[in-house]
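Heads up: the structure comes next, in structure tokens.
The values are calculated or read from the model by the stated rules, or taken from the named source; none is laboratory data. Predicted model, so just to flag it, every value in this text is computed and none were measured. Every residue, glycine as well, gets a Cβ built from its backbone with ideal geometry; the counts of neighbours run over all protein chains shown. Side chains included, ligands, DNA and RNA excluded: accessible areas come from the protein's heavy atoms. Shrake-Rupley method; radii C 1.70, N 1.55, O 1.52, S 1.80 Å.
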Amino acid sequence: MITTKLKIRTFGDPCLRQRSACVKKVGPAERMLIEAMLATIGEKETDIGLAAPQIGINKQIFVVDLPDFPHVFVDPKITRTEGKETMEEGCLSFPGIAFKVTRPRKIWLDYLDEYNNPRHLECEGFYARVVLHETDHLNGKLLVDHATRKEAEEKKDLLGQLENKTREALKANG
Ligand code: NI
């Protein structure tokens, strides 16, 4: 088992803005990636979800660490949504910055598990929110894209600082 903690990409890193490729079939490379991702979010109780683009891999995979809920989602497709709810959300790629995000309250989705089994899931509330947040990552969409103009304005400085820090670090690492 891989226990190395993966480096989390932060806002300003171009890989967070790319649309991730469909996996279609989970092979040994994807399984290793999934294991490393699970080990990474398993470290802190506050870390709930992690999408592959957040570690610089643009593949449609995300992992979730919640009790009584699937842990691995590959090629997710949201097939239906219902209702609306607004809640504050955080993201590992936006350390220390939270946003109010309005999302559907209930969702239905199809996805593959880590053994290539097609799965169907119906979930709501916080669970639906986590799935939608991680699915956004696979489409290059981020928390900041959900912000109202007022909220974006309020957090402009914080976001600018984070973006600069990310870019500096990317430059330093070549
Ligand atoms: Ni996130």
Worksheet item: Between GLY27, GLY12, GLY140, which gets the highest mean-square fluctuation from a Gaussian network model of the chain, Cα cutoff 10 Å?
Response: GLY27
Worksheet entry | the chain, accessible surface, carbon-and-sulfur percent (1.4 angstrom probe) | 52
Item to complete: As a check on your grasp of the helix formula, calculate [θ] at 222 nm for the chain: sum -39500 (n - 2.57) over DSSP H runs of n ≥ 4, divide by the residue count, round to the nearest 500.
Response: -9000 deg cm²/dmol
Fill in: Per residue accessible area in Å² of region 14-172, where ligands, DNA and RNA are left out and the probe is 1.4 Å
53
Practice prompt. Could you calculate the FRET efficiency of GLU168 with GLN18 from 1/(1 + (r/R0)^6), where r is the beta carbon distance between them and R0 is 30 Å, rounded to 0.05?
Written response: 0.90
Discussion item. Within 10 Å, Cβ to Cβ, of ASP75, how many net charges do the neighbouring residues add up to if Lys/Arg are +1 and Asp/Glu are -1?
Written reply: +3
Fill in: Label-point separation, LYS100 to GLU88 (7 Å along Cα→Cβ), nm
1.1
Worksheet item: Within region 54-74, what residues put their amide N at less than 16 Å from the label point 7 Å along the Cα-to-Cβ vector of ARG119?
Response: 60-74
Discussion item. For ARG103, what accessible surface area do you get with a 1.4 Å probe? Give it in Å², rounded to 10.
Written reply: 10
Fill in: Overall dimensions of the chain as given by Cα atoms, namely Rg and Dmax in Å
15.8, 45
Worksheet item: Can you give the accessible area of LEU6, probe radius 1.4 Å, in Å² rounded to 10?
Response: 50
